[in-house]
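Colleague: For reference, the structure I am asking about is given below.
Derivation of every value follows stated rules applied to the coordinates shown; laboratory data play no part. Model, not experiment: these values are computed from the prediction. Because the Cβ atoms are built from the backbone with ideal geometry, glycine has one as well, and the counts that use them run over all protein chains shown.
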Amino acid sequence: MRLPAWLAQHLAALRAVLVFTVVLGLAYPLLLVGVGKIPGLSDKAQGSMITVGSSLIGQSFTDADGNPIPKYFQSRPSNAGDGYDPTSTGASNLGPESVVDTLSDDPDTVSQSLLTQVCERSAAVGKLEGVDGSRPYCTADGVGAVLAVFHSDGFTGPITRVVSVNQTGAPFVATYQGVTVESAKNDEDYRALGGVITPIRGDAPATPIVPADAITASGSGLDPHISPAYAALQAPRIARERGLDLTRVQELIDENTTGRALGFLGEPGVDVLALNLALDGK
């Protein structure tokens, strides 16, 4: 018996729903679960979770006051929320031209330039590791060494005034081309006033001891890896704090170092979380 057209159409739609429910709602998810059990993929399918977090997301090894715990390798800085927050992943979005701090009496508007962040972090790492943390264009107290230079004719002519734009205390240099350097004042925009922003290189070594990844955050803010150079810089402190032989610490670094992807992409990296767990014997 021939069914009415409208009923035949509804039955066809019902069959399609049942078929796609079985294929996409049951068979496909079960297939992906099976793929996720394949050796080498199972850890990633389960989110790489371990007892203290995820091996794919970095974390801070600091005390309640935010100070580095000396017996642990330190991760690279993070701008994701309060640090390594996967719900706030992101970078600072500051670029190479960010060299002037925002100084203000209002704490909500105060902000550091990328240069000062780099200088401050480098000085702190140098102090922690007992090495020279100086960098080009940084002052000894860890801010950007930047002057606003005022000329009589705008950008040319004799210099009439010089301001150390990132320092409200004593300037990092007393004079610049014979002109006394002033301290900055809060809420003053010296660029808008006509000053030529002039970074001063200083006498820091061309190749700083503190590696770049120790003072700059990753784009995601979640990267758990540091460079082998930064790990090597921290190794003497770890050996001293834990009473280990430096050779053994270096062996652990090597064991937790991943090579370049496909042998040529990217750079080798040391997984800080895995390395610290290895130090703790976990």
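Colleague: What is the set of long-range amide H partners of residue 197 at a cut-off below 5 Å, with H atoms built 1.01 Å from backbone N?
Modeller: Here the answer is 149, since their amide H atoms fall under 5 Å of that of residue 197.
Colleague: Extension gain residue 109-residue 61, at 0.36 nm per residue separation less the Cα-Cα distance, in nm?
Modeller: Once the chain is fully extended between residue 109 and residue 61, it gains 14.4 nm.
Colleague: Still on this structure, I have one more. Relative to the first principal axis of the alpha-carbon coordinates of the chain, what is the inclination of helix 5-22, with its axis defined by its Cα atoms, in degrees from 0 to 90 and to the nearest 10?
Modeller: 60 degrees
Colleague: Under 5 Å between amide hydrogens, which residues at least 5 positions from residue 176 or on another chain qualify, with H placed 1.01 Å from N in the peptide plane?
Modeller: 181
Colleague: Relative contact order for the range 79-163 using alpha-carbon pairs under 8 Å, separation at least 6, rounded to a whole percent?
Modeller: Across the range 79-163, relative contact order equals 17 percent.
Colleague: Please give the contour-minus-distance gain from residue 170 to residue 255: 0.36 nm per residue of separation, less the Cα-Cα distance, rounded to one decimal in nm.
Modeller: That pair, residue 170 and residue 255, stretches by 25.9 nm at full extension.
Colleague: Checking the a/c ratio against 1.5 first, then a/b against b/c, what shape does the Cα gyration tensor give for the chain?
Modeller: oblate
Colleague: Counting alpha carbon pairs within less than 8 Å and at least 6 residues apart, what relative contact order, in whole percent, applies to the chain?
Modeller: 19 percent
Colleague: Let me check against my output: what whole-number percent is the relative contact order of the range 177-278, with C-alpha pairs under 8 Å and at least 6 apart?
Modeller: This gives 22 percent for the range 177-278.
Colleague: Using alpha carbons only, how many degrees (0 to 90, rounded to 10) separate the axis of helix 246-255 from the longest principal axis of the chain?
Modeller: Between helix and principal axis, roughly 40 degrees.
Colleague: Given the DSSP H assignment, sum -39500 (n - 2.57) over each helix run of at least 4 residues in the chain and divide by its residue total; what's the result at 222 nm in deg cm²/dmol, nearest 500?
Modeller: Result for the chain: -8500 deg cm²/dmol, rounded to the nearest 500.
Colleague: Sticking with this structure for a sec: Provide the net charge surrounding residue 105, with neighbours chosen by a C-beta distance below 13 Å and charges set as Lys +1, Arg +1, Asp -1, Glu -1.
Modeller: Result for the neighbourhood of residue 105: -3.
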